[in-house]
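Written out below as structure tokens is the structure these notes cover.
Coordinate-derived values only; no laboratory data. Bear in mind that the values here come from a model prediction, so they are computed numbers and not experimental data. No Cβ is skipped: glycine too gets one built from the backbone with ideal geometry, and neighbour counts run over all protein chains shown.
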Amino acid sequence: MTLEEFLQSEECVLMLIFQQYSPSVSQAERVLESFVSQHPKDARLLRVACGTEDELFKRYKIRSNPTVLGLRKGREIWRHEGCADAQTMDQVESRLVGNHV
């Protein structure tokens, strides 16, 4: 499966984009892994380390390290700049894994 095929998934793709691995990236990664494990049929996780010149960085207009994007069929349905915590994920759960069009 190519990256574009993965990004075009029917499931919600949670993409963790970061420039430098740091404690906040590690914390966000654990939260997202937990969320995906609770919704294995509805959500997938993609970790992307990239620089400001990389195509994904530019395409999604990344401004913060880390940034978490929720994508469905390649379209952004949610964005969180900075470290996503469990409370944040609980608040957007229905938008990410609920009934979708």
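Summary table below
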{"read-out": "Qualifying trypsin sites (Lys or Arg not before Pro) in region 1-80, DSSP loop, other Cβ atoms within 10 Å at most 12", "value": "Lys41, Lys61, Arg63"}
{"read-out": "Under 17 Å from the Cα of Lys73 - aspartates and glutamates, other chains or at least 8 residues apart", "value": "Glu4, Glu5, Glu10, Glu11, Asp42"}
{"read-out": "Anisotropy class of the chain from Cα gyration tensor, a/c 1.5 cut", "value": "oblate"}
{"read-out": "222 nm mean residue ellipticity, helices alone, for the chain (DSSP H n ≥ 4; -39,500 (n - 2.57); rounded to 500)", "value": "-11000 deg cm²/dmol"}
{"read-out": "Anisotropy class of region 1-50 from Cα gyration tensor, a/c 1.5 cut", "value": "oblate"}
{"read-out": "Exposure rule at most 11 other beta-carbon atoms within 10 Å, DSSP loop GluC sites (Glu not before Pro): the chain longest free segment", "value": "54-101"}
{"read-out": "Spatial separation of Cα centroids for region 1-21 and region 66-94, in angstrom", "value": "12 Å"}
